[in-house]
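The values are calculated or read from the model by the stated rules, or taken from the named source; none is laboratory data. Since the model is a prediction, treat every value here as computed from it, not as a measurement. Quick reminder, even Gly has a Cβ in these numbers, built from the backbone with ideal geometry, and neighbours come from all protein chains shown.
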C-alpha cells in the first residue's frame, strides 16, 4: 500500500455574489450550494493539506470590498485555501484579497515536497482565456528547471476544445502553447487541474491528464456537435479529492454534495 | 439506459465493466439480464465482475469468444476486455494465459488506439475493505500495459461503486460509478463499506478524437 504524501480538495466556479440571495437563473443560490460544499470538505474523513479553487470565486464583483465579503464566507473552510482568477473574477482585487504576498496574479508554492503552479488565464472583461507571453516564459522557466519535485499545474479555462461550440468559444485560446511547455516537465507533472466548464471532464493528451471539477454552484453539460450552452440534468455540486502517493501515483476521487440539507 | 438512449450525439457502443448480474442462480437469469439490457440502443460489450459467473455471462453475451476475455475493434480503435474474476471470490486476478495474451497485444507493432477494460481496481486505494479485493497481480498487469503506452488511451474499470481515477506512469485508469448504488472511500478508512447517500448513479462518455485526444465526460443520472 502506497502512503499518501499530499491530499487536497479541488473546487471551482463558486460565483459568489455580494447579495447572498443571488441565484441568477438557477434553482439554488451560489451561497447556499458553496456553503454545502465547504461543510462537506470540512467533514472529509481523511486529512486535507489545502483546498485549491480554480477560479470564478466571485460573480463579476463591482468593488474590491465584495471580495472581502466572500473571503469571510470561505474562511469557514478548515484547510488553507489557494485561489486563482477565472473569467468572472477581477484578478487584481482577487490577488489583493486572497494572496497579497504575491506580486502577480499567477504564482507558485510548495507543500509537503510538491510544487503547485497556479496560472492566471483570465482576460479583463472577456470570457475566453489566454496565458500571456510573460507568464508563459515564467512557466517555461519552471518546466525546464532541474527541480525534481512532483508538479501540479492549475488554471481556470479548459485548454482544449470540447467539440461544443458555445463552450469552446470561451476556452483558453493558446492551449497548444501551454501544452508544449508543460511537456517539458512531463517527467514530474502529475496532472493539470481546471474549472470553468461546470462539468467533470478529463482530457488526456501525450500522457498528460487535464481534469476539471464541478462547480460549487450549478452544472452544465457539453457534447460533441453541441451549439449552445446546456444545463446538466443534475444540479448537484461536487468537488474532487486529489491524492499523491509515495509511489509517484495520483488518485482522484469525485465527491458529490447532497443539496437536500439546504433549505 | 434511458439517459444513454437520449444522448444527443451518436454513441458507437456501450461498455459494461462487470457485475452485470448479482450472484445469479443460473444461465437463464443472464438471459433475463440480456432482455433488460436490450433496451440500450447502441451495441453492448460486457466483461465479468466478481458477482458474475463468467461462463454463463460469456455464453449469453459473447458466445463467439472461446474465452471470457476478448478484444474487438470499432472505428479503428482496439478495445481489450479483460476477465479479472475468480470463481466464488470477491477479489481479482489476471491468469497467466491471459497475461501472455495481453502481453502479445501490448508488445505488438500495432499503432491503433487502444482502450483496456477490466472490472477490479489494479492498485490499492487506501480503503481496507475495498483493498481486500484488488487484482492480486495488478502491478504485473500495469507493467504489461506500459509496453503499449504510446497507443494506450485509457484503462476503464468498475467494482468500486465510486468515481475514482488513478494516474500511473502516464496511464489513466478511471472508473464509472455503479448504475445502482454508490460507496465512498478515503485514505485511512477503517471498518466496513460506507454508502455514499449523496451520490447518484451515472456513467461516462468516452470520446477519442482524430487528433489523438481522449475526453471522458462524467454524466450523473437522477433516478427520480
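Details
- Scope region A:151-172; condition out of contact with any strand residue (DSSP E or B) (no Cβ under 6 Å at 6 or more places or on another chain), away from every other protein chain (no Cβ under 14 Å) and surrounded by 18 or more Cβ atoms within 10 Å (Cβ to Cβ); matching residues: A:156
- Screening residue B:116 on (1) in contact with a helix residue (DSSP H, G or I) (Cβ under 7 Å, 6 or more places away or on another chain); (2) in contact (Cβ under 8 Å) with a residue 60 or more places away in the chain shows it passes everything except condition (2).
- Candidate set from region A:177-191 (those that are within 11 Å of chain B (Cβ to nearest Cβ) and in contact (Cβ under 8 Å) with a residue 12 or more places away in the chain); member that is surrounded by the fewest Cβ atoms within 10 Å (Cβ to Cβ): A:186
- The listed residues are A:78, A:97, A:69, A:103, and the only one of them that is over 22 Å from residue A:252 (Cβ atoms) and assigned to a loop (DSSP other than H, G, I, E, B) turns out to be A:103.
- Looking across A:128, A:120, one residue alone is within 30 Å of residue A:235 (Cβ to Cβ), crowded, with 19+ Cβ neighbours inside 10 Å and touching a residue at least 24 places away in the same chain (Cβ under 8 Å). It is A:120.
- Among the residues of region A:238-262, those that are in contact with a helix residue (DSSP H, G or I) (Cβ under 8 Å, 6 or more places away or on another chain) and either in a strand (DSSP E or B) or more than 10 Å from chain B (Cβ to nearest Cβ) (or both) comprise A:238, A:239, A:255, A:262.
- Answer from B:78, B:29 - the residue that is touching a strand residue (DSSP E or B) at 6+ places or on another chain (Cβ under 8 Å), outside any loop (DSSP other than H, G, I, E, B) and surrounded by 14 or more Cβ atoms within 10 Å (Cβ to Cβ): B:78
- Total residues in region B:56-75, condition assigned to a strand (DSSP E or B) and closer than 23 Å to residue B:28 by Cα: 1
- Check on residue A:222, assigned to a loop (DSSP other than H, G, I, E, B), facing chain B (nearest Cβ under 8 Å) and in contact (Cβ under 8 Å) with a residue 40 or more places away in the chain: yes
- For residue A:148: the one exception among (1) farther than 27 Å from residue A:35 by Cα; (2) surrounded by 20 or more Cβ atoms within 10 Å (Cβ to Cβ); (3) out of contact with any strand residue (DSSP E or B) (no Cβ under 8 Å at 6 or more places or on another chain): (2)
- Looking across B:181, B:157, one residue alone is more than 10 Å from every other protein chain (Cβ to nearest Cβ), farther than 26 Å from residue A:197 by Cα and in contact with a strand residue (DSSP E or B) (Cβ under 9 Å, 6 or more places away or on another chain). It is B:181.
- Verdict on residue A:94 being in contact with a helix residue (DSSP H, G or I) (Cβ under 9 Å, 6 or more places away or on another chain), crowded, with 19+ Cβ neighbours inside 10 Å, at pLDDT below 95 and within 24 Å of residue A:219 (Cβ to Cβ): no
- Number of positions in region A:1-37 that are crowded, with 24+ Cβ neighbours inside 10 Å, touching a residue at least 60 places away in the same chain (Cβ under 8 Å) and more than 13 Å from chain B (Cβ to nearest Cβ): 7
- The one condition from (1) within 14 Å of chain A (Cβ to nearest Cβ); (2) within 17 Å of residue B:48 (Cα to Cα); (3) free of Cβ contacts under 8 Å to residues at least 12 places away in the same chain that residue B:88 does not meet is (1).
- Taking region B:169-178 as the range and being at the interface with another protein chain (Cβ under 7 Å from one of its Cβ atoms) and over 22 Å from residue A:223 (Cα atoms) as the test, only B:170 passes.
- Total residues in region A:209-254, condition closer than 28 Å to residue A:185 by Cβ and within 19 Å of the chain's Cα centre (by Cα): 17
- Restricting region B:207-224 to residues that are within 28 Å of residue A:33 (Cβ to Cβ) and more than 9 Å from chain A (Cβ to nearest Cβ), the residue that is surrounded by the most Cβ atoms within 10 Å (Cβ to Cβ): B:223
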